[in-house]
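Engineer: Structure below; questions to follow.
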Amino acid sequence: MKPFDTKTNFKKAYKNRLETMYAKAFDDSTLREQYHALGSLVFDQLSPIWRASKKAQQKHDQKTVYYFSMEFLMGRLITNNIMNLGLRDVIEEGLKDLNLDLQAIEHYEADAGLGNGGLGRLAACFLDSLASLGLVGHGNGIRYRYGLFEQDIQQGYQVEKPDDWLKDQYVWEIRHEEEAIDIPFGGYATFENGQSKYVPDEYIKAVPYEVPIIGEGNEHINKLRLWSAEPTSVYPADVDAIEYDQEIRRLSGFLYPDDTTKEGKILRIKQQYFFSAAGVRRILKDHYDRHETFENVPDQLVFQINDTHPSLIIPEMMRIFMDDYAMEWDEAWAITTKTCAYTNHTILAEALERWPISILQPVLPRVYQIIEEINRRYAETLYNQFGDDHEKVLRMAILAHGEVRMAHLAIVGSFSVNGVAALHTNIIKTIEMKEFHELYPTKFNNKTNGVTHRRWLHHINKDLSTIMSEVSDSWLKNPDEFEKLLPHVEDEKLHQRLRKMKIKYKKHLAQRIEEEQGVKLDENSIFDVQIKRMHEYKRQLMNALHILMVYNRLKTDVMFKKNYVPHSFIFGAKAAAGYHYAKKIIKLINTIADKVNNDPDTNAYLKVVFVHNYNVTYAEHIIPASDLSEQISLASKEASGTGNMKFMMNGAITIGTMDGANVEIAELVGEENIIIFGMTSDEVNKSNDNRTYNPLDIYHSNPEIRTAIDQLTNGFFGNVAQDEFLEVRDKLLGRDEYYVLKDLTSYQQAHERANDLYKDEKRWWTMSAVNIAKSGYFSSDRTIQQYADDIWHIKPLKK
């Protein structure tokens, strides 16, 4: 009998494991020891399933996808593993009998510091769906020692501290020292007798760690392979060994090191090549050992390039084929371009990476030679296609103006290029990458993002999960079943349950915020939430200016105050360490919060809080408690968004622009069940082309906006220097690149609609129920199935 078949067996196994591991009485154990004992026991349960999965994958040798990503924002895996193994009820009840709290033990696990925002969370959802659909697909990334950073707020400003998430071991990983690979950097590359010769300056050892990714209820386990940078056994003779060791380990030290300096750019390039080369080398070696040929690689493997960071997979594959196995260029190129697929996640110029040749070439001399040759042959194709249109060839080239354009490399070297929302893909095909789409019309396709409903509803919102199980007994396996809630959306009893659910989670969140930050929120107020990476295009600044406008009206307009439903505005975000202006916006939000929260005239109606160190686990607390979901990016700038899907799935109403996946949410729920405002993407693009927008016109014509802008620098905030936010004012009135002032009046009117809708309880909870019922479309199971059918051409593992 398995230890977990019954509560009694679990209790016996758990007590024995804890006392054996720590040589102490069970009653004397600490929370840390309780966590590690539970993790160890759960790993024992998954281990035979993992072995069986590996054996089945080797036996059937089916086509496999490898998902390369700089980020995998996994959250706490103890939660996922217990849930997907079907052990939660037995463990929870057993621990309760032992006077222990499973949630407290779960919360001991640190969030794995492997990502930052939507890119990493999406990758985590995709891995979960791959495993839960029984597909053979593995992740490949970097084992960051300190992740992004732990955020502290001091005097309103973000302060970065190392996120030491590995300080107490990570119970879910296995180190495979014997599979380490030495990755070369620097040096020089030449040709001798028609053969390439590469002499590197240094080697860095890539040591793989494997983390199991467990499918829900199907005994299927894939893996996430994470590479750690370590010194090789041979240290250079002329360096300090300790300093050299530390320098090498920096490569896998932090996610997204500051690249505003030359040293930062070099480190970024080395990171990207490090995990791409290590992953590709190991996979291709295993393939050759098994098949003794590379001819069938496109039939057996897919390398999915998640954003531009892993684009160096393409020249690295070429290098392996030609240098290590003496393959001719044409054959190597044919295999490479039939194996790699590229997902574009942005149209922002800053994220479509362009590395200076002067930096990349010395770091990766042989790889750069191959990129040069790819570009030369590709340029020949362009000239053959377009004649002597030199400007067009230059625009589309991989190498131009002293830069390597990584997105162009990914497009040219891949058989598929997909966007992540219908609007985003349309913009790629018709504007941003129009010329590439005309050249390669069959490559481009859309795969709208999704989120795993198992984590983002079933785990984080037990009350709603119970409701869903009453209308369908298969919604966890088949998210299309969400729509079975539709016949009940106007049911008053359902409305009462949804309202009770919201109040419960709002109380929990309010308690945490008060305990940690001393701000008391009213659970009967509207919880208006914007949690996402801090960036100008996401327009947290517009949200902040609107709060100022609300505050001013509460102070001066009696009727407005009488009709205003109390609001709690909740922000959560991290700004990149080198992104000065984003940090200034965080400071502004905290300064506004200090002002309005301490004003006795208004603080019963208006509260503002910026939660500290927002991460996946904090999101799991915030999302079920949210009433309004702020998705207010400038139209045409957000590729998709996934937070909008998580909020919708938990019954929050979207207030947003027609941007990213908001467009598809609006189409699904109907315009009456979403609050849309602002410019369309066509209007934004037209305005950008015409260059007729002048924010000063709005400043001079709208008294409310003018007052809010003036308050930034007129001494209104008594606890900061008068010029603290001069930069913000100057950018808004100068260029206002993201049309904050242009959309601000429409945004204000959208909030007025939301205020009125919330007062109409029947209407509000009907809207909430419709959003839940339609959210099944945004399950990552649907997204992954589309990738599997249309791009990867993979099937579930045979049993």
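Engineer: Using 0.36 nm times the number of residues separating E263 and D473, minus their current alpha carbon distance, what extension gain do you get?
Structural biologist: Numbers: separation 210, 0.36 × 210 = 75.60 nm, distance 5.52 nm.
The E263-D473 span can extend by a further 70.1 nm.
Engineer: Contact order normalised by length for the stretch 541-686, with contacts defined as Cα pairs under 8 Å and 6 or more residues apart; what percent is it?
Structural biologist: Relative contact order comes out at 18 percent.
Engineer: Let me ask something else about it. Compute the separation of the alpha-carbon centres of the stretch 716-762 and the stretch 82-154 and state it in Å as a whole number.
Structural biologist: If we compute the Cα centre of each part, the gap is 36 Å.
Engineer: Here is a further query. If you plug each phi of the stretch 298-314 into the Karplus form 6.51 cos²θ - 1.76 cosθ + 1.60 with θ = phi - 60°, what whole-Hz ³J(HN,Hα) values come out, in order, with x for Gly and Pro?
Structural biologist: x, 7, 10, 9, 9, 9, 8, 8, 8, 6, 7, 4, x, 4, 5, 3, 5
Engineer: Which residues' amide hydrogens lie under 5 Å from the amide hydrogen of C340, considering only partners 5 or more residues apart or on another chain, with H built in the peptide plane?
Structural biologist: F303, F415
Engineer: Moving on. What is the spin-label model distance, in nm, from R175 to S746 if the labels are put 7 Å beyond Cα along the C-beta direction?
Structural biologist: For the pair R175/S746, the computed spacing is 5.5 nm.
Engineer: Could you size up the charge dipole of the stretch 496-557 around its Cα centre, putting +1 on the beta carbon of Lys and Arg and -1 on that of Asp and Glu, and report it in debye to the nearest 20?
Structural biologist: Details: 15 positive and 8 negative charges, 85 e Å.
Dipole magnitude for the stretch 496-557 comes out near 400 debye.
Engineer: Among A652, V663, T707, pick out the residue whose Cα is farthest towards the positive end of the charge dipole of the stretch 641-741, where Lys and Arg carry +1 and Asp and Glu carry -1 on C-beta, about the Cα centre.
Structural biologist: Positive-most Cα among the choices belongs to T707.
Engineer: Hey, can you grab everything whose amide H is under 5 Å from the amide H of H220? Only 5+ residues off in sequence or another chain; H modelled, so Pro and N-termini drop out.
Structural biologist: Close amide H contacts, sequence-distant or interchain: G215.
Engineer: Quote to one decimal, in nm, the extra length available between T8 and D324 on full extension: 0.36 nm per residue of separation minus the C-alpha distance between them.
Structural biologist: 108.1 nm
Engineer: Quick one: length gained pulling D389 to E671 fully straight, 0.36 nm per residue minus the C-alpha distance?
Structural biologist: On the way: separation 282, 0.36 × 282 = 101.52 nm, distance 4.56 nm.
Between D389 and E671, full extension yields an extra 97.0 nm.
Engineer: Oh, and also: Would you mind checking which residues have amide H under 5 Å from E150's amide H? H placed 1.01 Å from N; only 5 or more apart, or other chain.
Structural biologist: K161, D163
Engineer: Hey, another quick one. Among all the lysines, which ones have a C-alpha under 24 Å from K54's C-alpha, if same-chain residues fewer than 8 places away are not counted?
Structural biologist: By straight Cα distance, K54 reaches K2, K63, K223, K285, K477, K795, K798, K799.
Engineer: Could you go through the stretch 219-233 in sequence order and give the Karplus-derived ³J(HN,Hα) for each residue, using 6.51 cos²θ - 1.76 cosθ + 1.60 with θ = phi - 60°, rounded to whole Hz, and x for Gly and Pro?
Structural biologist: Values, residue by residue: 6, 10, 10, 9, 9, 10, 9, 10, 9, 10, 8, 9, x, 6, 6 Hz.
Engineer: Can I ask one more? State, to one decimal in nm, how far the label point of E514 lies from the label point of E683, with both points 7 Å from Cα in the Cβ direction.
Structural biologist: 4.2 nm
Engineer: From Cα pairs below 8 angstrom and at least 6 apart in sequence, can you work out the relative contact order of the stretch 48-190, rounded to a whole percent? Each step should come with its number before you reach the end.
Structural biologist: Working: 141 pairs, mean separation 38.2, N = 143.
Averaging sequence separation for qualifying contacts and normalising by length gives 27 percent for the stretch 48-190.
Engineer: May I ask what percent, to the nearest 5, of DSSP beta bridges between residues of the stretch 108-246 are antiparallel?
Structural biologist: Beta bridges within the stretch 108-246, antiparallel portion: roughly 90 percent.
Engineer: Here's another thing I want to ask about it. For the stretch 338-421, what proportion of DSSP beta bridges, expressed in % and rounded to the nearest 5, is antiparallel?
Structural biologist: Taking every DSSP beta bridge with both residues in the stretch 338-421, the antiparallel ones total about 60 percent.
Engineer: Is there a quick way to get the dipole size of the chain? I mean about its Cα centre, with the Cβ of Lys and Arg at +1 and of Asp and Glu at -1; what is the value in debye to the nearest 20?
Structural biologist: 1440 debye
Engineer: State whether the stretch 650-766 is rounded, prolate or oblate according to the following rule on the C-alpha gyration tensor (a ≥ b ≥ c being the square roots of its eigenvalues): a/c under 1.5 gives rounded; otherwise a/b larger than b/c gives prolate, and the remaining case gives oblate.
Structural biologist: Working: a/c = 2.62, a/b = 1.49, b/c = 1.76.
Oblate shape, in that a/c is at least 1.5 and b/c is the bigger or equal ratio.
Engineer: If you don't mind, another one. Could you derive backbone 3J(HN,Hα) for the stretch 774-780 from the dihedral phi with the Karplus parameters 6.51, -1.76 and 1.60 (θ = phi - 60°), listing whole Hz in sequence and x where the residue is Gly or Pro?
Structural biologist: 8, 7, x, 4, 8, 6, 5
Engineer: Next up: I want to check the label-to-label distance for L31 and N694. Put each point 7 Å from Cα in the C-beta direction and report it in nm to one decimal.
Structural biologist: Each label point lies 7 Å from its Cα, and together they span 5.9 nm.
Engineer: Shifting gears a bit: Which of the three applies to the stretch 93-140, rounded, prolate or oblate, going by the alpha-carbon gyration tensor with a ≥ b ≥ c and a/c under 1.5 meaning rounded?
Structural biologist: Oblate shape, in that a/c is at least 1.5 and b/c is the bigger or equal ratio.
Engineer: Next up: Given +1 on the Cβ of Lys and Arg, -1 on the Cβ of Asp and Glu, and no further charges, what dipole in debye does the stretch 1-116 carry about its Cα centre, rounded to the nearest 20?
Structural biologist: Details: 16 positive and 16 negative charges, 128 e Å.
Value, rounded to 20: 620 debye.
Engineer: Let a ≥ b ≥ c be the square roots of the eigenvalues of the Cα gyration tensor of the stretch 371-420; is it rounded (a/c under 1.5), or, if not, prolate (a/b larger than b/c) or oblate?
Structural biologist: Taking the square roots of the gyration eigenvalues as a ≥ b ≥ c, the stretch 371-420 is prolate.
Engineer: Taking Cα pairs under 8 Å and at least six residues apart, what relative contact order does the stretch 487-613 come out at, in percent?
Structural biologist: 27 percent
Engineer: Related question: I'd like to know which of V404, L423, N461 lies farthest towards the positive end of the charge dipole of the stretch 359-498, counting +1 on Cβ of Lys and Arg and -1 on Cβ of Asp and Glu.
Structural biologist: The residue sitting farthest along the positive end of the dipole is V404.
Engineer: Applying 1/(1 + (r/R0)^6) with R0 = 45 Å to the Cβ-Cβ distance of E737 and K55, what FRET efficiency is obtained, to the nearest 0.05?
Structural biologist: On the way: r = 55 Å, r/R0 = 1.22.
E between E737 and K55, to the nearest 0.05, is 0.25.
Engineer: Given the DSSP H assignment, sum -39500 (n - 2.57) over each helix run of at least 4 residues in the chain and divide by its residue total; what's the result at 222 nm in deg cm²/dmol, nearest 500? Can you show the working numbers first?
Structural biologist: Details: 32 runs with 376 residues, N = 799.
Theoretical 222 nm ellipticity from helices: -14500 deg cm²/dmol.
None of the figures in this text is laboratory data; all of them are computed from the coordinates on show. Predicted, not measured: the structure shown is a model, and the values here were computed from it. In this analysis, Cβ positions are derived from the backbone assuming ideal geometry, glycine residues included, and neighbour counts consider all displayed protein chains.
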